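The values are calculated or read from the model by the stated rules, or taken from the named source; none is laboratory data. As the structure is a computational prediction, the values presented were derived from the model and not from experiment. Glycine also receives a Cβ, built like all others from the backbone with ideal geometry; neighbour counts cover every protein chain displayed. Only protein heavy atoms, including side chains, enter the accessible area calculation; ligands, DNA and RNA are left aside. Shrake-Rupley method; radii C 1.70, N 1.55, O 1.52, S 1.80 Å.
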Amino acid sequence: MHHSINRSIEFLTNRAHIGWQTPVHREPTCTPDNSSTSDTATKTLEKISSAVARISDDQEQTDATLTDSDSDAAETDSPIHSLASLLPQARFFTGTDIAFYSIAESAEQCTPGQLVVYRLGIDCPVELIAQAMARGAAGILTEQVLPVPLPQCIVCDTDRALAEIAAKQLIDENGSRPDQRLLTIGIVGENGKSTTALCLAQVLRDVPCRVAYHTDLGHSDGITSEASEQPLAGDAEIINRVSEAADAGAAVTILELDAQVLRCGGYDQIGLDILVIVGRNSARCDFGPSPVDCAIERVTADGIIVVSVDDRRSMRTVEASGHSYLTYGVEVDADVTLKTIDIEDGALNAMLRNESRSAMFESLLGQGVFTESLVAAAAVGVATDNPLVQVAESLGKLRELPGRCQRVTVDEWNIAQAAPSMVLDVAGSPRRVSFVLDAMRRQMQSASPACLPMNAKVHTGSSQRAKMWCVLALSASDDLDTLAQYGRLMETMPDHCVLTCAPDAKEQFLSLSHGVLDGVENCAAMRLVADQERAIAWATQCAGPNDMVVALGGINRKSAHAQREDALRLQRLMENLMRDAGGDSKTANHGPAQSQSTTVEHASTQLKIFNPEG
């Protein structure tokens, strides 16, 4: 099933770029002025002609710097492709085919014989036409007919067309699609995709075999790893990355499937040998297929689906699909089961069981809360005929992932005893926030009795129970329903809540905060601090040595590079705050004689801290 999205041209942004003026309103006359239409067309053609002349002059000056031998070599080395054979379902305007050497990255970088792509709402049509004509483009790939005498190929979606072109070109080069040259595993779900993908990569890497992966924390071709500055790939880009992994000798590629890209058909040229469904996928309130439905369509006829036995909605969909499947679960009966023995000081001790086989392992990943990701990765290890003992051993090697229930600590033990515990998580949805807070609360309740501290500044005579301080960073993309759900969670789950926002959402902070407070009964129980760093500092200074500060959100997830940079920034901030709290006796004691307010200095700014305990 193919799914496309409707797009429209944003003319307002194009006017400023190409110099269009706002049309002047004129009173209608009795007789229609037929000359106005011809005048408009003439002016448009003149605008294109002048742009073509200008670009042609620039192109001649650029070409003058190249030698004739280089130009001839460039033309002879590139094979000629037929667009009609690559896109048999497409329609052509001004011709029946387009012969081209390659696809230009942009109209400004087009060379003679290349195919130019016009993207609705992104490219200015006048500039693109002028650039294509002046630079000798072979034709234009577009979703609508353009007023240009160049051959045009009309498709319903340019991104999907480019993916189809890339797949067929790679078939011509290698004899098969890139995903057919290696074991392709896709991971879909609302939460836990990146963690499951990296756990699975660790399991399969110990087979041993070369493993490539593509997640929102980075990608690897099996040899080198990189934190890309681009968002999670789809369409032609993901095909090229899978091809690069196959060329690098990878035996397995693991793909984190983006929900929106799935629904738009961005993985239509990828076949999945194994599909892993993680999390508990909720019902959709809009029209169209769910990401799980779209992902199941990409599973090959002999493929396997790995699904949680607790996700009843996905289980029904998988059973109706007719594919072979393997179930996993935590503390339940399934094909692969994880039994939790205990979680002590952030270390998970658990047992994996498959049929009559079992294996013990210890994991420090995410404070021991990512049990579903661990057992899902173990299920894929079982499906690929790996010994269960080896799978368990591999799962214990992955220690920490940035922004995934990340425990922030310092090396100095005396400071760590006097400072509150610190946890950092990317959050991003009410379901994720509820999962993290519930897991941290259970850990605090099951914590072992406090031992005699070796730091003289820490008082052990206090009978106060440990408290959870939550610093929730709101995002500009959160809708009213999401904000109201945050409000209900913040009022019921943590002991204290501080509302803040991502660095790029400060202008909307008040409106976002009001959306959260709409779901709260006692609005005065929450503190509002627009600056995220100051909010974390306030919670850290108010928390006691036995308390826990949980920082949620405020991390830019548009790219792997941005996500890692923001997580590292917050990690360093929290480490410095722990040293400040653990090294200052006034802020570490929290005894009865503590003053009502304390002034702390961080990053050359002073923040007045109020202690709500009095």
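Results, tabulated for the structure shown:
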item	result
Flag if GLY614 is more than 20 Å from LEU424 (Cβ to Cβ), surrounded by fewer than 16 Cβ atoms within 10 Å (Cβ to Cβ) and at pLDDT below 85	yes
Residue match in the range 239-254 (condition: touching a residue at least 40 places away in the same chain (Cβ under 8 Å), under 13 Å from ALA560 (Cα atoms) and surrounded by fewer than 24 Cβ atoms within 10 Å (Cβ to Cβ))	no
Matching strands (runs of 3 or more DSSP E) fully within the range 405-518 where at least 3 residues are at pLDDT below 90, open to solvent by less than 30 Å² (accessible area, probe 1.4 Å) and not acidic (Asp, Glu)	none
Helices (runs of 4 or more DSSP H) fully within the range 224-313 counting 1 or more residues that are touching a helix residue (DSSP H, G or I) at 6+ places or on another chain (Cβ under 7 Å) and acidic (Asp, Glu)	235-247, 291-297
Residue among GLY288, GLY271 that alone is within 27 Å of ASP159 (Cα to Cα) and modelled with pLDDT under 90	GLY288
Members of the range 501-544 that are touching a Leu at 6+ places or on another chain (Cβ under 7 Å), free of Cβ contacts under 8 Å to residues at least 60 places away in the same chain and among the hydroxyl-bearing types (Ser, Thr, Tyr)	SER513
Candidates VAL299, VAL306, filtered to the one that is of a type outside the set (Gly, Ala, Ser), open to solvent by 10 Å² or more (accessible area, probe 1.4 Å) and in contact with a Leu (Cβ under 8 Å, 6 or more places away or on another chain)	VAL299
Filter result for ARG280 (within 20 Å of the chain's Cα centre (by Cα), open to solvent by 40 Å² or more (accessible area, probe 1.4 Å), modelled with pLDDT under 90 and within 17 Å of THR158 (Cα to Cα))	no
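Yes/no matrix, rows are residues, columns are (1) open to solvent by less than 10 Å² (accessible area, probe 1.4 Å); (2) farther than 25 Å from PRO291 by Cβ; (3) more than 25 Å from the chain's Cα centre (by Cα):
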| residue | (1), (2), (3) |
| --- | --- |
| ALA320 | no, no, yes |
| LEU326 | no, no, yes |
| GLU331 | no, yes, yes |
| ALA350 | yes, yes, yes |
| SER358 | no, yes, yes |
| THR384 | no, no, yes |
| LEU398 | no, yes, no |
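Results for (1) open to solvent by less than 10 Å² (accessible area, probe 1.4 Å); (2) under 30 Å from ILE305 (Cα atoms); (3) modelled with pLDDT of 90 or more, shown as yes or no for each residue.
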site	(1), (2), (3)
ASP97	no, no, yes
TYR118	yes, no, yes
ILE129	yes, no, yes
ILE140	yes, no, yes
GLU143	no, no, yes
LEU182	no, yes, yes
